[in-house]
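Okay, structure first, notes after.
The values are calculated or read from the model by the stated rules, or taken from the named source; none is laboratory data. Worth saying up front: this structure is predicted, and the values here are computed from it rather than measured. Reconstructed Cβ throughout: ideal geometry from the backbone, glycine too, with neighbour counts over all protein chains shown. Just so you know, the surface numbers come from the protein's heavy atoms only, side chains and all, with ligands and any DNA or RNA stripped out. Shrake-Rupley method; radii C 1.70, N 1.55, O 1.52, S 1.80 Å.
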Amino acid sequence: MANQDVVFPDMGIAAAAALPGAGRAIFACRGAAGAVSSSLRRGAYGLPAAVDDEFLGARGCGGAPAPAPAHAAACTSWVVEAIRASSPTRAPAVDEYAAWTKKHPSALGSFDQVAAAAKGKKIVMFMDYDGTLSPIVADPDMAFMSAEMRAAVREVAKLFPTALVTGRCLEKVYNFVGLSDLYYAGSHGMDIKGPSSKEDNTVLLQPAREFLPVIDKAYRALVEKTKATPGARVENNKFCLSVHFRCVDEKRWSPLAEQVKAVLREFPELKLTEGRKVLEIRPSIMWDKGRAVEFLLKSLGFDDRGDVLPVYIGDDRTDEDAFKVLRKRGQGIGILVSKCPKETAASYSLQDPTEVRHGVLTPVGPVEASAITVCDATPEGAVAQ
C-alpha cells in the first residue's frame, strides 16, 4: 500500500479504539517507527466506519456542512484587536512579566519539578513547529529549523512517541523537519500521518477531506482579493488557509481583514480565526489541535491511563486548544513559548525555540534514564528492536 492515500474520513475517537493494539501502545519508542507504520497499514481496511459525534461535531464528517459560527462574521475591529492581542509589538514591563511568570514559571527553572512529575510515567511529546522549533520569520517559506534542533527532536523521538501538531500543510512541515519517525498532524490536526518513509503517504485521519474543493476556491478568491495589499500573502495549507500579514503595514490591517471577511461571506462552510500575525480560514467543523491530541492519545492506546504524561509545547493561540485539553484531563504539561505575557492554559513557559531546545528537548536524554519510563511496547506482529 505504499504511495497510496489511505483515508478514514469517518473515523472518530470511538473508531480509534479498534486500531491494531488498542489498549496498549502500538509503537515501540526505540527504532520501531517503520514497524508502526506497517502495523497500522495491516489493519487499515479492517477499521469500522463509526463516527464519534463528540469529536467530529454534530454534523460528523459527512452530510450537509454545519452553519458558519457567529464569530466567522465578527466585525473587523474585533479581528484586528484579536490580531494585536496575539501579536504584541511592545516589550512587557519587568513587573508585568515577573507577575506572569509566577503563574506560568519558566520550564528552564522548573525542570526538576517537571522531571518529578514525569517519574515513572510514559511520556508522549507534542510540539508545534513555527515559533516553537523554528523562529518566526517574515517569509513563511524560510522558517527552517536549525540542525541542532533537528538533532534534539530526533533524540527525543527515539525515547518517546513524538508528534508535530501544526497549522502548516503536512507535506511542507515534513520537508522542513525531515524526520520519518514522528507523527505529523498538519492543517491544525486535520491531516494526521504516522511514522513512515517520505514516499509512504498512508494517512491516519482527514476529518475535513470533503472541504477540499471549497478550500481551493476560497484560496483563489483570497489571492485575487488581497493581491493589492503590499506584504499580504495567502498560504494554502491543504485543509486550511493562512493569510499572513507580518509584512503588512499596521494601518492596512483593518482593510485586509475586511477583504478576508468579504471573501468568506461567499463561503459559509468556512470560519475565521487568528494567530500570530496570521488570519486562519478553516472548515466549520469541531476540530482543532486539542482534538488532534485527543485522537492521537486515544488511537495509540494512551487514553485514560494514569501512567502517561502528555507534554505539549506551542507558541500560538491555536495551541491553546491543546493546552486546555491537557488541563481538562488533569494530566499533562503545557508549555507556552512566548516572550510576552499572554492569557494561557499552559502551566509553564519558555521564551523562544532556543530555550525549547536547551530547556526541554536536550535535557530529556539524561533525565530519561533515571526518572522516566521509556515506552517499549512493540506493535502486534513487529519485532522488538
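Sort out which residues of segment 203-234 are β-branched (Val, Ile, Thr) and touching a residue at least 24 places away in the same chain (Cβ under 8 Å), and write them in order of number. Passing the criteria: Val203, Val214, Ile215, Thr226, Thr229. Within the set Phe245, Phe176, Phe211, the sole residue that is of a type in the set (Phe, Trp, Tyr) and within 23 Å of Met286 (Cα to Cα) turns out to be Phe211. Looking at this structure, is Gly167 at positive phi and either out of contact with any helix residue (DSSP H, G or I) (no Cβ under 6 Å at 6 or more places or on another chain) or in contact (Cβ under 8 Å) with a residue 40 or more places away in the chain (or both)? It is false that Gly167 is at positive phi and either out of contact with any helix residue (DSSP H, G or I) (no Cβ under 6 Å at 6 or more places or on another chain) or in contact (Cβ under 8 Å) with a residue 40 or more places away in the chain (or both). Residues that are at pLDDT below 90 and surrounded by 17 or more Cβ atoms within 10 Å (Cβ to Cβ) were ranked within segment 332-361; the one that is farthest from Tyr129 (Cα to Cα) is Gly359. In segment 143-158, the residues that are of a type in the set (Gly, Ala, Ser) and in a loop (DSSP other than H, G, I, E, B) reach residues that are modelled with pLDDT of 95 or more and open to solvent by less than 40 Å² (accessible area, probe 1.4 Å) with C-beta atoms within less than 6 angstrom, at least six apart or across chains, in these pairs: Ala143/Asp130; Ala143/Ser134. Scanning segment 125-174 for residues that are among the aromatic types (Phe, Trp, Tyr) and open to solvent by 50 Å² or more (accessible area, probe 1.4 Å) gives a single hit, Phe144.
Please find, among Ala117, Ala185, the residue that is in a helix (DSSP H, G or I) and among the hydrophobic types (A, V, I, L, M, F, W, C). Give the steps one after another, and end with the answer.
Working: Ala185 fails: in a helix (DSSP H, G or I).
Criteria check complete, one pass: Ala117.
Filter segment 299-320 down to residues that are open to solvent by less than 10 Å² (accessible area, probe 1.4 Å) and of a type in the set (Asp, Glu) and give me whichever is nearest to the chain's Cα centre (by Cα). The selected residue is Asp319.
Considering segment 234-248, and only residues there that are under 17 Å from Ile215 (Cβ atoms) and either modelled with pLDDT under 95 or not polar (S, T, N, Q) (or both), the residue that is most open to solvent (accessible area, probe 1.4 Å) turns out to be Lys238. Scanning segment 210-217 turns up no residue that is at pLDDT below 95 and assigned to a helix (DSSP H, G or I). Looking across segment 321-331, the residues that are under 17 Å from the mean Cα position of the chain (by Cα) and either open to solvent by 10 Å² or more (accessible area, probe 1.4 Å) or over 22 Å from Leu361 (Cα atoms) (or both) come down to Asp321, Lys324, Val325, Arg327.
Can Pro255 be described as part of a loop (DSSP other than H, G, I, E, B), outside the structural domain of Lys324 (by the TED database) and open to solvent by 60 Å² or more (accessible area, probe 1.4 Å)?
Spelling it out, it is not the case that Pro255 is part of a loop (DSSP other than H, G, I, E, B), outside the structural domain of Lys324 (by the TED database) and open to solvent by 60 Å² or more (accessible area, probe 1.4 Å).
Of all residues in segment 220-242, those satisfying the criterion of being part of a strand (DSSP E or B) and of a type outside the set (Lys, Arg) are Val234, Glu235, Asn236, Leu241, Ser242.
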